[in-house]
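The values are calculated or read from the model by the stated rules, or taken from the named source; none is laboratory data. Bear in mind that the values here come from a model prediction, so they are computed numbers and not experimental data. Note that we place each Cβ from the backbone using ideal geometry, even for glycine, and neighbour counts take in every protein chain shown.
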Amino acid sequence: MNRYPIEIHGIYTAPDHKVFGQRGGNLDGADLRSHSTINLIADSGIEGDRFCRHRPDYNGHVTFFSLEVWQALAKALSLPDSMGPEVTRRNLIVSGVDLKALYGVPFRIQGVHFLGATHCAPCLAMNRVLGPGAREALRSRGGLRAQNASSRPYSIGYGY
């Protein structure tokens with residue numbers, strides 16, 4: 001099991017789908033819920049999130065986004081300071097690791113076992129949310145989709 005100095009900076013869930021199959025609609029993040037701690041259900045994901053219990057082998061039980069990538073993106077696209085990385089609709093905003101290094105790799109955060117599954121590709125909605133060019137700027141830097149590989153429930157959090 002690889003160890004990385006991963007720090008959590010934000011935790012978000014969305015109870016409903018707001019992006020898939022949506023051409024219009026509001027994607028400003030108002031539907032997202034911010035948490036200081038979350039409960040992870042074994043082989044299922046984050047309690048209360050839209051993908052929890054989707055199916056045991058689902059590759060996106062939990063999604064991760066890099067704070068370092070967000071900072072570079074915000075600068076490149078001249079995003080307002082009031083906009084945060086939660087608008088990418090990823091569950092955990094983290095720093096301290098290149099998320100690409102976790103593709104196909106087991107890793108642990110605060111005792112919770114994850115298996116890095118695949119790139120979390122940015123969808124066309126990123127251009128609507130962040131502005132023209134956002135999807136292209138996030139190509140190969142859109143985050144990580146991971147399976148919750150723990151055999152029992154856990155809680156994780158930040159900001160203690």
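Got a number for residues in the stretch 54-90 being over 16 Å from Asp43 (Cα atoms) and surrounded by 14 or more Cβ atoms within 10 Å (Cβ to Cβ)?
19
Counted as qualifying within the stretch 42-160 are the strands (runs of 3 or more DSSP E) with 2 or more residues that are at pLDDT 95 or above, closer than 19 Å to Gly10 by Cβ and aromatic (Phe, Trp, Tyr), namely 62-66. I need the full set of residues from the stretch 1-41 which are modelled with pLDDT under 85 and small (Gly, Ala, Ser), in order please. Result: Gly21, Gly24, Gly25, Gly29, Ala30. Each residue in the stretch 130-160 was checked for being in contact with an Asp or Glu (Cβ under 9 Å, 6 or more places away or on another chain) and buried (at least 20 other Cβ atoms within 10 Å of the Cβ), and 2 pass.
Taking the stretch 109-160 as the range and being in contact (Cβ under 8 Å) with a residue 40 or more places away in the chain, charged (D, E, K, R) and in contact with a Cys (Cβ under 9 Å, 6 or more places away or on another chain) as the test, only Arg145 passes. Residue pairs whose Cβ atoms lie under 7 Å apart, sitting 6 or more positions apart in sequence or on different chains, and linking a residue in the stretch 68-84 that is small (Gly, Ala, Ser) to a partner that is at pLDDT below 95, are Ala76/Ala137. Within this structure, Leu99 passes the test of being aliphatic (A, V, I, L, M) and touching a Leu at 6+ places or on another chain (Cβ under 7 Å).
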